[in-house]
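> Shown below is the structure under consideration.
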Amino acid sequence: MTTVGLRERKKEKTRLALLDAALDLFLEQGYESTTVEQIAGVVDVSPRTFFRYFTSKDHLVLWFHDHGEEIMLETLESRPQDESPFTALMHALRAVLSDMEGSTPEESARFLKLRRILDENPRLIGQSVARGAQTERRLAEVIAARRGADADTDQLSHLIVAFAMSTLRVGFECPRRDGTLPEITNRMAETIELAERSLQPGWDLEPPAR
């Protein structure tokens, strides 16, 4: 293994150690009561080292936005240029879903801890919404470029992205059942399929039979 490879593995190990330490501390003693110094101390690194990986506590809690955005942007870049923008975005959402389905037990545990922290801290929900808006803006720029349009003025590109990302939000949040990761990914798959079917001509919009 190359020196660069070893270095990157060490960096990733430190990043995950900081993330795990922070999530556990947030759940044990509360988000607001936990300091960067405490998180760094658990991992036996300096606060300065913490800030090499995360810009703040909020950034740490919203790490999943960075990860999901990266997956979607990479997927869009790989899709054929003549593919419809909405179809390309649905493939991007399925890539996020596939990544979640392939989670290790450790990754699943992190995600569920994060859900608990967000539920217990309404202020962080606002931060998450704001971070999601940044992702939507970046996606709209990509979609506008695929359409040969200007993202600053093209409403349709933003509407396409808003609809697609609403699919993701509904899949995450509504309705909640047992709260496990398999339940969440199954619901996401159902919601993506529902969004695709809803755009087909003649689709029945009546509520499902109970």
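The values are calculated or read from the model by the stated rules, or taken from the named source; none is laboratory data. On a predicted model such as this, the values are computed, not experimentally measured, just so you know. Neighbour counts run over all protein chains shown; Cβ positions are idealised from the backbone, glycine included. Heads up: the accessible areas ignore ligands, DNA and RNA and are worked out on the full protein's heavy atoms, side chains in. Shrake-Rupley method; radii C 1.70, N 1.55, O 1.52, S 1.80 Å.
> Where the Cα atoms of segment 99-204 are projected onto their three principal axes, how long is each span, largest first, in whole Å?
Result for segment 99-204: principal-axis Cα extents of 42, 35, 25 Å.
> Considering Cα pairs under 8 angstrom that are at least six residues apart, work out the relative contact order of segment 1-121 and quote it in whole percent.
Working: 60 pairs, mean separation 31.7, N = 121.
Taking the mean separation of contacting Cα pairs over the length of segment 1-121, I get 26 percent.
> DSSP loop GluC sites (Glu not before Pro) in segment 48-87 with at most 15 other Cβ atoms within 10 Å of their Cβ, which ones?
On the way: sites: 69, 70, 74, 77, 83; in loops: 83.
Taking segment 48-87 and a limit of 15 other Cβ atoms within 10 Å, the loop GluC sites (Glu not before Pro) found are 83.
> Would you mind calculating the relative contact order of the chain from Cα pairs under 8 angstrom and at least 6 residues apart, reporting the percent as a whole number? Numbers along the way, then the final one.
On the way: 147 pairs, mean separation 37.9, N = 210.
Reported as a whole number, the value is 18 percent.
> How far is helix 122-147 tilted off the main Cα axis of the chain, in degrees rounded to 10, range 0 to 90?
The helix 122-147 is inclined about 50 degrees to the chain.
> What's the carbon and sulfur percent of the chain's accessible surface, probe 1.4 angstrom, rounded to a whole number? Let's see the in-between values first.
On the way: 6690 of 12310 Å².
Here carbon and sulfur together make up 54 percent of the probe-accessible area.
> Here's another thing I want to ask about it. Give the ranking of 61, 43 by solvent-accessible surface, highest area first, calculated with a 1.4 Å probe.
Working: 61 0, 43 35 Å².
Descending accessible area places them as 43, 61.
> Test of understanding: express the Cα radius of gyration of segment 1-54 as a ratio to 2.2 N^0.38 Å, with N the residue count.
Dividing the Cα radius of gyration by 2.2 N^0.38 Å gives 1.24.
> What do you get for the angle between helix 85-101 and the principal long axis of the chain? Use alpha-carbon atoms, 0 to 90 degrees, nearest ten.
Orientation of helix 85-101: about 40 degrees from the principal axis.
> Taking the chain as the reference, fit the longest principal axis to its C-alpha atoms, fit the long axis of helix 155-173 to the helix C-alpha atoms, and give the angle between the two in degrees, 0 to 90, nearest 10.
60
> Using a 1.4 angstrom probe, figure out how much accessible area the chain has per residue, in square angstrom, rounded to the nearest whole. Before the final figure, lay out the partial values.
Working: 12310 Å² over 210 residues.
On a per-residue basis, the chain sits at 59 Å².
> Considering only protein heavy atoms, with the full assembly of protein chains and a 1.4 angstrom probe, order 158, 65 by accessible area, largest first.
Values: 158 65, 65 30 Å².
Result of the area sort, largest leading: 158, 65.
> Also, I was wondering about something else. Could you give log10 I(q)/I(0) at q = 0.11, 0.17 Å⁻¹ for the chain, computed by the Debye formula over C-alpha point scatterers of equal weight, without solvent?
-0.63, -1.26
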